[in-house]
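One structure is given below, encoded as structure tokens.
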Amino acid sequence: MKVKVTVMPKKSVLDPQGVAVRDAMRHQGLTDVKSVRIGKFMEIEVEHADENKLHEICRDLLSNPVIEDYELQVEA
Amino acid sequence: MKAAVIRFPGSNCDQDCFHVLKNDFGLDTQYVWHKDASVEQFDIIVLPGGFSYGDYLRCGAIARFSPVMRSVAAEAERGKLVLGICNGFQILCEARLLPGALIRNRSLHFVCEYVRTRLENFETAFTHAELAKSDGNLLTARTGLLLRMPVAHGEGSYTADEQTLRELNRNNQVVLRYADAHGAITDTANPNGSAENIAGIVNRAGNVFGLMPHPERACDPLLGSEDGKLIFQSMIQSAMKQK
């Protein structure tokens, strides 16, 4: 079973990496780029997807709720 | 008086902390491996700087789940003094023993330099002491003190939501702010983009202190500063009173 987790910095948190990449994109000619935000994507394989446990792990380990939001997707 | 310096895989300021506690302050100091179950027998617990678990995932995110951290949290709950320096500060935030988080420096660069921090609260267990410096001067917090200590980090930008910042200010939990040579809190004096120039905070109870600057690298005039001694001295005096 495949589990996909996306972790993104919260909108309210400064993402200096995203800003630097946005500026580089502008230099590359994509002048109308408004913003870039950089997060993480994790692919997890498990035998059985215990969603409650997975959410707990997303909350406690894979993301830090102070600065990040996560999205959990379980593939059948 | 027994002090523990906790070692995670990737800690690299552990020996500096050990040296200061043992040789400068004469404490019975021991390294504690992160897989050890207990720090109960110690009076002071130090989480040193470094790159625990290679900073994988987020700084401190994996170290936070090391077996020893359960005991650190229990001892902190009981009021024992816990000091987290740099990566130690990051671990304490990840462990929710301190509010907020430390994110990538605004500049994206690793900063490695001496900074000045203004002491905002000189009544905490970690900052109340007076320090007789080797040049004969007395370092005392009551004079609007600036501490000169080095920073060395890539992820030291302190961040927290509005409400947390308000609470930190209201409860005098902000202990250190980055400042210029005159003690002014300015944006140019902020090496990493920390919210409100925050360099160090204590928890609500006042017994857990995290800071990004390295006091253990500023305990000897030969190294350019001994201001960091004020923090260790305060902590040791406070721990003695607890005993």
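Here are some notes:
- Simple spin-label estimate for A:Met42 and B:Met1 in nanometres, 7 Å along Cα-Cβ: 4.1
- Of the residues B:Gly84, B:Leu27, B:Gly60, the one whose Cα sits farthest toward the positive end of the charge dipole of the range B:1-94, with +1 on the Cβ of Lys and Arg and -1 on the Cβ of Asp and Glu, is B:Gly60.
- Dimensions (Å) - the protein assembly as shown, Cα atoms, principal axes, largest first: 67, 47, 35
- Remark: the protein assembly as shown carries a charge dipole of roughly 400 debye about the Cα centre, counting +1 on each Lys and Arg Cβ and -1 on each Asp and Glu Cβ.
- Beta bridges per DSSP with both ends in the protein assembly as shown, % antiparallel, nearest 5: 70
- Residue of B:Tyr31, B:Tyr56, B:Tyr158 that the Gaussian network model of chain B assigns the largest fluctuation, springs spanning Cα pairs under 10 Å: B:Tyr56
- Debye, to nearest 20: dipole size of the range B:2-242, +1 on Lys, Arg Cβ, -1 on Asp, Glu Cβ: 320
- Shown here: the range A:2-75, whose C-alpha atoms stretch 46, 24, 13 Å along the first, second and third principal axes, sorted largest to smallest.
- Using alpha carbons only: equivalent-ellipsoid semi-axes of the range B:2-242, gyration tensor based, whole Å: 23, 21, 17
- Cα shape, the range B:168-234, gyration tensor, a/c 1.5 rule: oblate
Any read-out appearing in this document is the output of simple, stated calculations on the displayed coordinates, not a laboratory observation. Since this is a predicted model, take the numbers as computed values, not measurements. So basically every Cβ, Gly included, is an ideal-geometry build from the backbone, and we count neighbours across all protein chains shown.
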